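The values are calculated or read from the model by the stated rules, or taken from the named source; none is laboratory data. Fair warning: this is a prediction, and the values are worked out from it, not measured in the lab. Note that we place each Cβ from the backbone using ideal geometry, even for glycine, and neighbour counts take in every protein chain shown. Accessible surface areas use protein heavy atoms only, side chains included; no ligands, DNA or RNA. Shrake-Rupley method; radii C 1.70, N 1.55, O 1.52, S 1.80 Å.
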Amino acid sequence: MTYIAKPKLTHPGTPTNELGYSRRYYEGAVSTLCAGCGHDSISAAIVQAFFELNIEPHRVAKLSGIGCSSKTPTYFLGSSHGLNSVHGRMPSVLTGANLANRDLIYFGVSGDGDSASIGLGQFAHCLRRGVNMVYVVENNGVYGLTKGQFSATADKGSKSKRGVINPDSNIDMVGLALQLGATFVARSFSGDKGQLVPLLRAAVEHDGAAFIDVISPCVAFNNHAGSTKSYDYVREHNEILNRLDFIPQREPITADYDAGTVEEISQHDGSVIRLRKISKNYDPHDRIAAMNILQARAAEGEIVTGLIYIDNNAEDLHSHLNTVEFPLNTLGEEELCPGLAALEAFNADLQ
Ligand SMILES: Cc1ncc(C[n+]2csc(CCOP(=O)(O)OP(=O)(O)O)c2C)c(N)n1
Ligand code: SF4
Ligand SMILES: [Mg+2]
């Protein structure tokens, strides 16, 4: 058996969302990951985000690569479309699916090995093309599934469980996403659901490439002294740029925070992200400032979390390619076959 189904029974008093679904409806199978794995907390945050967004699970396509992280789509949104693809190849599978059917919400889940090592090229190209998706990297700094080798996000000088020091420079996926042109870039921590759930909600509603790097300690291979991805290390070095509330367009906007400490960001679809600023003067619309703060804080040994960058006027791959508005499988002969005259005119153009 590759997964264990959860019992379907729910208590009649369980809270439901606007669609009448309980949180359980957004869950998946019972997790087979190690107890305490950060990835399970991320799955719980994803369940909560989709429950709160009142999204029908069948409107979501969840795609992943290979790794403990890439196994997690089995543990959330059990009624969604899903494909566990090939190591490092989630982005191209997601891009193809998105081009074929733009009506679904694309949710990609990957690991730091999956995206920063074997899949680095794929990661780069789907972000720079602006594929409309949420791309979550569950970042533990190791290849958890294959027993804890350093991944490319492991910090230089950090120590493995066996005492080996990592001699290589690390890849900061947030820095890379900013450089590549992602229009929504955030980082969070699996142990901070209060920050992660609103970030996920905002990323789902963002029209373009939304990337979230979630530091997610591997309790089996990377949670010891000397690791920079352990629970203790992240809690001690987390520099929170902002906390945010996400308000879907369907809900009325109310102002219940002190002026001067809140900034509202309106997205294309009318939804609003409300930033409760903690760091003074941080502007999430400035890509260069975002790159600077990452580097400056990293030099101090700090990990920046929160909404790091957002472009309110993001465009996606479909607008770059000027594709048809409808899923390809809904097109009939009339749309697909323009007729002999159009073909002859086209050929004449090429002569
Ligand atoms: C083409 C290919 N190469 C190597 C592997 C072996 N492999 C499986 S998972 C994995 C690394 C997973 O690391 P990560 O993406 O960080 O996920 P984690 O398990 O840490 O969540 C590797 C190297 C594979 N499955 N396929
Ligand atoms: S090996 Fe690490 S990443 Fe994999 S399930 Fe266990 S704790 Fe999680
Ligand atoms: Mg990993």
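The residues of segment 40-181 expose, per residue, 36 Å² of accessible area to a 1.4 Å probe. Along segment 141-157 the Karplus relation, 6.51 cos²θ - 1.76 cosθ + 1.60 evaluated at θ = phi - 60°, assigns HN-Hα couplings of x, 9, 8, x, 4, 9, 5, x, 5, 4, 9, 6, 9, 5, 5, 4, x Hz to successive residues, with x for each Gly and Pro.
Summarising the amide proton neighbourhood of residue 240: residues at separation of 5 or more, or on other chains, whose placed amide H is nearer than 5 Å comprise 305.
Taking 0.36 nm per residue of sequence separation and removing the Cα-Cα distance, the residue 156/residue 320 pair yields an extension gain of 55.2 nm. Here the chain is treated with +1 on each Lys and Arg Cβ and -1 on each Asp and Glu Cβ, and its dipole about the Cα centre works out to around 1560 debye. For trypsin sites (Lys or Arg not before Pro), the sites in segment 114-221 that DSSP calls loop and that have at most 10 other Cβ atoms within 10 Å are 147, 162. Across segment 227-238, coupling constants 3J(HN,Hα) worked out from phi with the 6.51/-1.76/1.60 Karplus curve, θ = phi - 60°, read 7, 9, 10, 7, 4, 5, 4, 5, 4, 6, 10, 6 Hz, and Gly and Pro carry x. Rounded to whole numbers, the Karplus 3J(HN,Hα) couplings from phi for segment 44-51 are 5, 5, 5, 4, 4, 4, 5, 4 Hz, using 6.51 cos²θ - 1.76 cosθ + 1.60 with θ = phi - 60°, and x at Gly and Pro.
Please report, as a whole percent, how much of the solvent-accessible surface of the chain comes from carbon and sulfur atoms (probe radius 1.4 Å). Of the solvent-accessible surface of the chain, carbon and sulfur hold 53 percent. Under the simplified labelling scheme, the residue 30-residue 147 pair shows an inter-label distance of 2.7 nm, with each label point 7 Å from Cα along Cα→Cβ. Close amide H contacts of residue 139 (hydrogens built in the peptide plane, cut-off under 5 Å, sequence separation of 5 or more or a different chain): 214, 215, 216. For segment 204-249, applying the loop criterion from DSSP together with a ceiling of 13 other beta carbons within 10 Å to the trypsin sites (Lys or Arg not before Pro) yields no site. Placing +1 on the Cβ of each Lys and Arg and -1 on the Cβ of each Asp and Glu in segment 122-277, which of 265, 166, 184 has its Cα farthest towards the positive end of the resulting dipole? So the residue furthest toward the plus end is 166.
A simple spin-label model places the labels of residue 8 and residue 235 4.1 nm from each other, with each point 7 Å out along Cα-to-Cβ. Mind scanning 156/280; 156/229; 71/156 and naming the pairs with a C-alpha gap bigger than 20 Å? Listed pairs above 20 Å: 156/280; 71/156.
Highest GNM mean-square fluctuation among 198, 73, 327, for the chain modelled with Cα contacts below 10 Å: 327.
Cut-off 15 Å, label point 7 angstrom out along Cα-to-Cβ of residue 276: give me the residues of segment 283-315 whose amide nitrogen falls inside. Within reach of a label on residue 276: 306-307. Between the amide H of residue 82 and those of 62, distances stay under 5 Å, these residues lying 5 or more places away or on another chain, with hydrogens modeled in the peptide plane. Counting only aspartates and glutamates at least 8 places from residue 62 when in the same chain, those with an alpha carbon closer than 19 Å to its own are 27, 40, 52, 103, 112, 114, 138, 205, 207, 213, 316. Between segment 143-210 and segment 214-232, the alpha-carbon centres lie 12 Å apart. Could you tell me which trypsin sites (Lys or Arg not before Pro) in segment 280-351 are loop residues by DSSP with no more than 15 other beta carbons within 10 angstrom of their beta carbon? Loop-located and lightly packed - 280.
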